[in-house]
1. For the range A:104-206, what size does the Cα cloud have along each of its three principal axes, sorted from largest down, in whole Å?
2. Give me the Debye-computed log₁₀ of I(q)/I(0) at q = 0.31 Å⁻¹ for the range B:333-373, equal point scatterers on Cα only, no solvent, two decimals.
3. Once the whole set of protein chains is in place, how much accessible area is left on residue A:309, using a 1.4 Å probe, in Å² to the nearest 10?
4. Rounded to the nearest 10 Å², what accessible area does residue A:186 show when all protein chains are kept and the probe is 1.4 Å?
5. What share of Cα pairs, in percent, lie more than 26 angstrom apart in the range B:73-209?
6. Leaving out ligands, DNA and RNA, calculate the buried accessible area for the pair B and A with a 1.4 Å probe, summed over both sides, in Å² to the nearest 100.
7. Which sequence of A:197, B:385, B:62, A:41 reflects their accessible areas, 1.4 Å probe, from the largest down?
8. Per-residue Cβ counts within 10 Å, from other chains only, averaged over B:387-395: what number is that?
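The values are calculated or read from the model by the stated rules, or taken from the named source; none is laboratory data. On a predicted model such as this, the values are computed, not experimentally measured, just so you know. Cβ sites come from the backbone with ideal geometry, for glycine too, and all protein chains shown count toward neighbours. Just the protein is used for accessible areas: all its heavy atoms, side chains included, with ligands, DNA and RNA removed. Shrake-Rupley method; radii C 1.70, N 1.55, O 1.52, S 1.80 Å.
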Amino acid sequence: MSSTAASAPAAASGASAPVAVPAAKSPKPGSLKRRRTLAQWGFIAPAVIFMLLFFGYPLVRNVVMSFQHYTPSTFFTGEAPFNGLDNWKNVFQDDLFGKALWQTILFTIGSLIGQFCIGLALAVFFNRRFPLNGVLRSLILLPWLVPMVVSGVVWRRILDQDTGVLNSFLGLFGAGDTPWLSSTGMALISVIMVNIWIGIPFNMVILYGGLQEVPKEMYEAASLDGASAWRQFRSITLPLLKPVITVVLVLGFMSTVKILDLVLALTDGGPADSTQTLGTLTYQNSFAQLDFGAGAVVGNILILISAVFAVFYLRANRNEGK
Amino acid sequence: MTAHITAGPRQRRRRLDRRVIVPLTVVSALVGAVALSGCGQQRDESVFTVLNSSTDDSYHGWDAATLKRCSKQLGVTIEQQSVPAAQVMTKSLRMASSKSLPDIIQFDGSEMPTFAETGGLLDLKKLGVSTADIPQGILDYGSYKGTYYGAARTVNTLALFYNKDILDKAGLPVPTTWAEMQATAKQLTKKGSYGIALSAGGAEDGVYQFTPFMWSNGGDETDLDSPKVVEALDYWKGLIKDGSLSKSTVNWTQADVNDQFMAGNAAMMINGPWQVETLNTKKNLHWGIAQIPVPKAGEDSVGPLGGGMLTIPDVGDTAREKTSAKIVNCMTSEQEEVTYALNSWMIPANEKAAAVWRKKVPSLSSLADQVATARSRTAQLGSGWTSVSLALQSAFQSALTGQSSESALHHAQQRVESGN
């Protein structure tokens, strides 16, 4: 004890010499403050510059482009005359746009419902303790690790009407002629199913994380009160999981609505445009037709839809913070 | 005392400030610099670049060998830059906007007009690229609005590939007319194996495969709902109805078709010579090749002309462009064309080279015959081909999945006319 008491003044006196310097020059605190602000900005600057360059610029550029007559020649001349609402009108008058919009809605809703319900069921299932729980859980993560295009190509083979594994398997039960990807009526449903398969791990992991936060005592108390498993799920799990559910659904929505790679790998938008979504339409307009103005229009519509849901997401997050 | 205590950390923070601000500024500057450095690259005087789609190992190697020989002959360094076929156009456009175009771009025949239309390509005749011994059809293939922009080294087209063993076993001759092909295909269709395979996928692959049926029947891309085109599409529908053509054809690319043929799931297929390299990897597969059957005996089998063509973009440096023309001349010389054709199983563009090639690979001479009557997809519509192609894809897919050929093609023609 005595040693610490003795060392304290010694340390203080040792430090006193340099400390006297800033005390003597009174304007220093001001410059110090300026430096601190500068440092703070220095920390923020890379992020701001990055955001402006890689998010802000393309975003603004895309909006401007949708009002321009932007063709291959533009790349040489740099001239892209403004043509008002022409691109927008053209896109809205195209039958394909209405079709793609409707199919995007079906695709998004179908995928979300499927991914969420199965993901939640699995999360609840794995929330219990049982042997091999960890191993099984990591196996279910696999679809998440496989690149989208690879899944697409593999599933295209599996779903082939004549030589696909799925139909050969169903053939054992006498039902092996389903035109998974080769009929205009089935293709979208098949694409949705594949996307559900891809999305389950994400939903499961996040919801499982949420379930871990729910205090076990609540279930104990509820079962003492005689609540059934279903009642416990409805009155404890769901309400407490609500913030997590919002996050999962909003994030899922934003990644589903702009789907492109999976559809391209599975069906190329076909047969007969029956799996065209807004994402593939943007791609087709910009990179097949080289009509960059029209591509930008569809792209902007997608950004707008996502932006609306981003606001929901931010709100949900803010409420959670309270 | 309190001042003394707080002074320590504050001083440390001040030192930290300097230590932090400098790197942060540097990082910010770097991020900016990297982002901007994509624009405006300096050209190296003696290094010439060829942009092509030879991402495949073997093609990349063959091209590298050609370029090495030409480098030596011309005393310059020629490098190749390979990107996937679907990206040649977009990559070139991006390079154009940053003024860093390569010296030579190898475009697919269906894409060249679009790039030529921008005014970004140079007239090859003016630059001194030789056109001697090139048949008119191939000259047209490389031309847009009367100007010769693209020099083909080799060309290709589609043909009917057949499994010799299966046909021999059934005692059937190779079909030459639509009716014969339909009958043969029907006879060869068994459980798990189809008479014929072709690609009706929703991309240029499918359209490419439809053209020989449309054209041989007298149909035309400028009038998609004419009875001739409807008849051609009905012929495809008939094959599906018979069960000789798999319904999955609407999901197949040309490569998928080849896989089916190699796996023995199809007795015949419509495909191109670029599959030969893969076909030959399967030693116990005995295949033959013939012209695509025609509607009636004695008619011409009109296939599509395909293959890459070498173009010289406007890089704004006449001396460089002259050298590029010499490189093109070297790459399309008789010797190089024969070498490349023998490697890639395609047909030399130059007549003399084609004659040499025919002697070396007589088994493929029906391909050379098919090329003689083959048509360019863009000869009539130029850059307008893309929208026709998209409408046509959608139309034959609708028809093959149930709609009537007539209404599907009628809708396609309307779509082309409305400009959507």
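1. So the three principal-axis extents are 42, 34, 24 Å.
2. -1.14
3. Here the residue's solvent-accessible area equals roughly 60 Å².
4. That residue has around 40 Å² of solvent-accessible surface.
5. Of all Cα-Cα pairs in the range B:73-209, 48 percent lie more than 26 Å apart.
6. Summing both chains' loss of accessible area gives about 4200 Å².
7. Largest accessible area first, the residues go A:41, A:197, B:62, B:385.
8. The shielding value for this peptide is 3.
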